[in-house]
1. Return the FRET efficiency for the residue pair residue 253, residue 233: r is the Cβ-Cβ distance, R0 is 41 Å, and the value is rounded to the nearest 0.05.
2. Hey, what's the per residue convex hull volume over the C-alpha atoms of region 91-169, in cubic angstrom?
3. First check a/c for region 155-219, with a ≥ b ≥ c the square roots of the eigenvalues of its C-alpha gyration tensor; if it is under 1.5, answer rounded, and if not, answer prolate when a/b is larger than b/c or oblate otherwise.
4. Indicate, rounded to the nearest 5 percent, the antiparallel portion of the DSSP beta bridges found entirely in the chain.
5. Compactness ratio of the chain: Cα Rg over 2.2 N^0.38 Å, N = residue count?
6. Rank the residues 78, 265, 189, 240 as a footprinting-exposure proxy: fewest other Cβ atoms within 10 Å of their Cβ go first.
7. With the calculation restricted to Cα positions, what are the radius of gyration and Dmax of region 171-262 in angstrom?
8. Percent of Cα-Cα pairs per 5 Å bin, from 0 to the last occupied bin, for region 44-184, please list those.
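Just so it is clear, none of the values below were taken in a lab; they were calculated from the coordinates. The shown structure was predicted, so the numbers you read here are calculated from the model rather than taken from an experiment. Cβ sites come from the backbone with ideal geometry, for glycine too, and all protein chains shown count toward neighbours.
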Ligand code: PSU
Ligand code: MN
């Protein structure tokens, strides 16, 4: 594994000392937010995790290695680079062998985190079953990864660019717990609520750590979605954001956007149509997830 994994000094030290570590993805940096807000947000998210007493590990593919933790210079270079490939499970072999820059999605970050022995991962939103998937079969590889890779994922639910009902059905089929953090319903990223009730609600980091440990102790492979609603003051008006998502979906269809380009196109379009308000909400919710995620990582580290 040493041939492929490369730890930052900070993460290596954390591993040696047995400190709690939080994995962070890099597609949100390269494809989810524009420069320079992407790099600034990534730094602030890392600092929130440090201030809570955990250690951040931003994950990316650089020069034939899976980097577990990026230096300041690497983060700056990465956030400003034009030629970064969105990396999911299928892409690892090719991108490592060809030494290209790769931004890890939720699926890829989970794979890398498990290889590095990290149990908790913080992001903004997960991929899911897209609207119209009955025709397109566009289902994010994130869901399959949640089914089989042992990493808990803290997010703000899934965006209503997706079919939330089908996403929950898919996760149920695959045996992935979807946990409302302080909520009974699935949060929809920009908004605190959706129409979908969840089967599990927890109200503390300890509860998450205990349920994950019990699951993994039993040898039940897979992760969990820990869905933490966007803070009240940062949430968007549901009718406003949903109208914009409808418009963006139509534009994606008219432009023939397919495959891995769908989600980045939608994020960019929504940002444009909300005049940047969606980006502000996105940044706020990731930071909020970092706070909770660090606490869960600490609890998980204590019940190992
Ligand atoms: N949702 C967001 N922001 C993101 C993504 C999803 O709100 O940046 C990224 C994540 O990296 C996620 C990926 O894993 O998009 C899903 O892409 P796809 O739908 O192509 O599987
Ligand atoms: Mn897809």
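1. Plugging the Cβ-Cβ distance into 1/(1 + (r/R0)^6) gives 0.75.
2. Given the Cα convex hull of region 91-169, per-residue volume reads 109 Å³.
3. Taking the square roots of the gyration eigenvalues as a ≥ b ≥ c, region 155-219 is oblate.
4. Here the share of antiparallel DSSP bridges comes out near 30 percent.
5. So the Cα radius of gyration is 0.92 times the expected 2.2 N^0.38 Å.
6. Exposure proxy ranking, most exposed first: 240, 265, 78, 189.
7. 16.7, 48
8. In order of increasing distance, the bins hold 2, 9, 17, 21, 20, 15, 11, 4, 1, 0 percent.
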